[in-house]
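What follows is a single structure, written as structure tokens, with notes after it.
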Amino acid sequence: MNDQDETAPPRTPTAVRPGESPSRRSFLRKVAGGTAGLAAAPALLSGTSRPALAGPADPANLPPNNPPWTTTAGYGVVEYPYGMPSPYEANVVRRNVDWLTADRIASISFTPLADLSGIITPNGVCFERHHGGCADINPDEHRLMIHGMVDRPMIFTMDDITRFPSVSRIHFLECPANGGMEWKGAQMTRLQYTHGMIHCCEWTGVPLSVLLDECGVKPGAKWILAEGADAAGNHRSIPMDKALDDALVAWGQNGERLRREQGYPIRLFLPGYEGNMSVKWLRRLEVGDKPWHSREETSRYTDLMADGKARKFTFMQEANSVITFPCPEKPIRQGPGLYHVSGLAWSGRGKIRRVDFSADGGNTWTPARLNEPVLSKCLTRFEIPWTWDGKDAFLQCRAIDETGYVQPSLPQLRAVRGTNSIYHKNSIYTWHVLPGGEVENVQIS
């Protein structure tokens, strides 16, 4: 059943593409000032051209013939002691944007969302964010200190931590800058770059509340400073309420130990909060009665408003969603007809309650089907059948979470936040499907 958006009259979408000057739409100005280089982003990206159509199959390998892999033995067991994907999936990798940061030591890579199925992100393609490079730590020499406003300051070895009863939970982890390059206009030419600073895994570890109980938290303690053992010494102030709720000291990820780039041997994990707060390579927790106002919560990870003031401690990752097929990396290759649109939705507030789909730039919306499982603070896969007539279409999705929060349109978000921010850009995205089936990232008025 379609429902009409009652907040605006029907309109013909007008697309603004990456690098294009939206002269008649002042709220889509080109990037200026310190980020002026983003206007030329598409020309600078490596590996961001639209994918070519697959090459023709060799008729000799098609039915009724027997291809060579059915007539010769394959390789034996433990040929690859640690299993690897098929070489035909070699393109499914993390990617970075060379011009985004000064060097790769303090940089980021992006998850290839368009190539993934379900809701679990394989460990090898989870996006990375490092402030001082990826620490390579011997677990036998690593310790976790808990001190400050506690009755019993303690130092835990890895063996100590893994002796505690563990829990496993599936949650997403998202950088608050996900999509942040597009506040002032469409810039990126791949889904991987517009939304790829997110992944979703099964995390295994000890509830932080258990370790705090072991140490005994003193009355009046309201905050915890979490510090990493990497060269950057990343540290963030964590509200005590969150620490006692669902925070984990995690050592496992998708059934194995953490990868180095994900914080091996232990990390803090705060479901639904900014990814930077889930401090990797965790070495110290200091309990106190007020926040520390560290570098990573003052000069960074604050939200610059239109009036020049900055919002701080915006911990929660708001409801968000994106269509993963069709998308720039996955165009429509078989002409007009029936397709199943697929995508992902998530919210740091809890479960996704509904996802709506629009093929006309938000004039009309149809509820999509949510695939099970639908879990709290977790990626949720949605699908909806859509018949494409071969003409221009403007595909959008919007998420509504269990608290009633509705993912905003881009004009709605800009009306509140302006265009100066980097973080918490969770507005509705638009994919423009061209008559040839290609898909481009646009912003529409």
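The values are calculated or read from the model by the stated rules, or taken from the named source; none is laboratory data. What you are looking at is a predicted structure, and each value in this text was computed from that prediction instead of being measured. When we count neighbours, we look across all protein chains shown, and the Cβ atoms used for this are built from the backbone with ideal geometry, even at glycine. Ligands, DNA and RNA are stripped out before the accessible areas are found, and what is left, the full protein with its side chains, is counted by its heavy atoms. Shrake-Rupley method; radii C 1.70, N 1.55, O 1.52, S 1.80 Å.
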Helix-only mean residue ellipticity at 222 nm for the chain, each DSSP H run of n ≥ 4 adding -39500 (n - 2.57), per residue, nearest 500: -2000 deg cm²/dmol
Electrostatic dipole magnitude of the range 375-445 [Cβ: Lys, Arg +1; Asp, Glu -1; Cα centre; debye, to 20]: 360 debye
The chain - percent of accessible surface contributed by carbon and sulfur, probe 1.4 Å: 54 percent
Lys pairs, the range 325-426 - Cα-Cα below 21 angstrom, 8 or more residues apart or on other chains: 4
Label point 7 Å beyond Cα of Lys391 along Cβ direction - residues of the range 399-434 with amide nitrogen under 17 Å: 432-434
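Using 0.36 nm per residue of separation minus the Cα-Cα distance, give me the extension gain between Arg333 and Ser168 in nm, one decimal.
Gain on extension, Arg333 to Ser168, equals 55.4 nm.
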Of His235, Asn178, His199, farthest towards positive along the dipole that unit charges on Lys, Arg, Asp, Glu beta carbons give the range 175-252: Asn178
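May I ask you to give the average projected area over all directions of the convex hull of the Cα atoms of the chain, in nm² rounded to one decimal?
If I average the Cα hull's projected area over directions, I get 24.5 nm².
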Convex hull volume of the range 352-394 per residue (C-alpha atoms, cubic angstrom): 82 Å³
Distance histogram for the range 353-445 (every C-alpha pair counted, 5 angstrom bins, percent rounded to whole numbers): 3, 12, 19, 23, 19, 15, 8, 2
Surface per residue (accessible, 1.4 Å probe) for the range 241-357, Å²: 37 Å²
Relative intensity, log₁₀ I(q)/I(0), of the range 275-357 from a Debye sum that treats every alpha carbon as a point, q = 0.19, 0.26 Å⁻¹: -1.01, -1.27
Base-10 log of normalised Debye intensity for the range 314-376 (one unit scatterer per alpha-carbon) at q = 0.26 Å⁻¹: -1.25
Base-10 log of normalised Debye intensity for the range 237-303 (one unit scatterer per alpha-carbon) at q = 0.25 Å⁻¹: -1.23
Calculated FRET efficiency for the pair Ser209/Lys312, C-beta based, R₀ 22 Å, to 0.05: 0.30
Length released on extending from Asp58 to Ile155, taking residue separation times 0.36 nm less the Cα-Cα span: 28.7 nm
